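Presented below is the structure to which this report refers.
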Amino acid sequence: MMDKTAARQAAFARRKKAHADAKASAGYLSEVLAGYRGVPLAGYMPMRTEINPLPAMDEAAAHGPIGVPVIIADGQPLQFRLWEPDSTMVKGAFGAQIPETGAWMQPEIVIVPLVAFDSHGGRLGYGGGFYDRTLEQLRAQRPTMAIGFAYAAQEDSALPLEPTDQPLDLIVTEKGIITPDSR
């Protein structure tokens, strides 16, 4: 198994190619979210070559509250600010777009961006641990579903995972919906 730095570099290259080749669609993500109308959920504002969840988030916003992540400080869980399709956005930490104003919310479903995933629900992120800390905190309070959203090309069967890595409950790609195998 390769180390996390090498795994991330290889995964970024696969994602970049998939992004360039994609006629990316959030259709399968919309399909999944349609089964959870009204449940508070958090998406993300896509950056660089991340697959774009905004069409599915736009649809879901008509049925219930949607939040987007805000980085409060290094080493801290993410907080989520309410978002609507017409929200005024500003640049937050690491260049991520965040709502300029709005109330804070707690999601029960989190759409998680990632660098790579495996068929067991393992996720390789950017290395800051923000989503792992956030999911751990949310799951300690109530059941919280983590949906990894990625290009199918981001799948990797040899992820260097650690005990603190929070698993994905579902993985959605432009090609379909993957229910993780049990480990």
(request) Filter segment 102-159 down to the residues that are modelled with pLDDT under 95 and of a type in the set (Ser, Thr, Tyr), then identify the one that is surrounded by the fewest Cβ atoms within 10 Å (Cβ to Cβ). (result) SER157
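Let me confirm something: among TYR44, TYR36, TYR28, which residue is more than 24 Å from VAL115 (Cα to Cα) and touching a residue at least 60 places away in the same chain (Cβ under 8 Å)? Working first, answer last.
Details: TYR44 fails: more than 24 Å from VAL115 (Cα to Cα); TYR28 fails: more than 24 Å from VAL115 (Cα to Cα).
The match here is TYR36.
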(request) Run SER25 past the list (1) within 22 Å of PHE94 (Cβ to Cβ); (2) within 17 Å of the chain's Cα centre (by Cα); (3) of a type in the set (Ser, Thr, Tyr) and report the number of the one that doesn't hold. (result) (1)
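The values are calculated or read from the model by the stated rules, or taken from the named source; none is laboratory data. What you see is a predicted model, and the numbers here were worked out from it, not measured in a lab. So basically every Cβ, Gly included, is an ideal-geometry build from the backbone, and we count neighbours across all protein chains shown.
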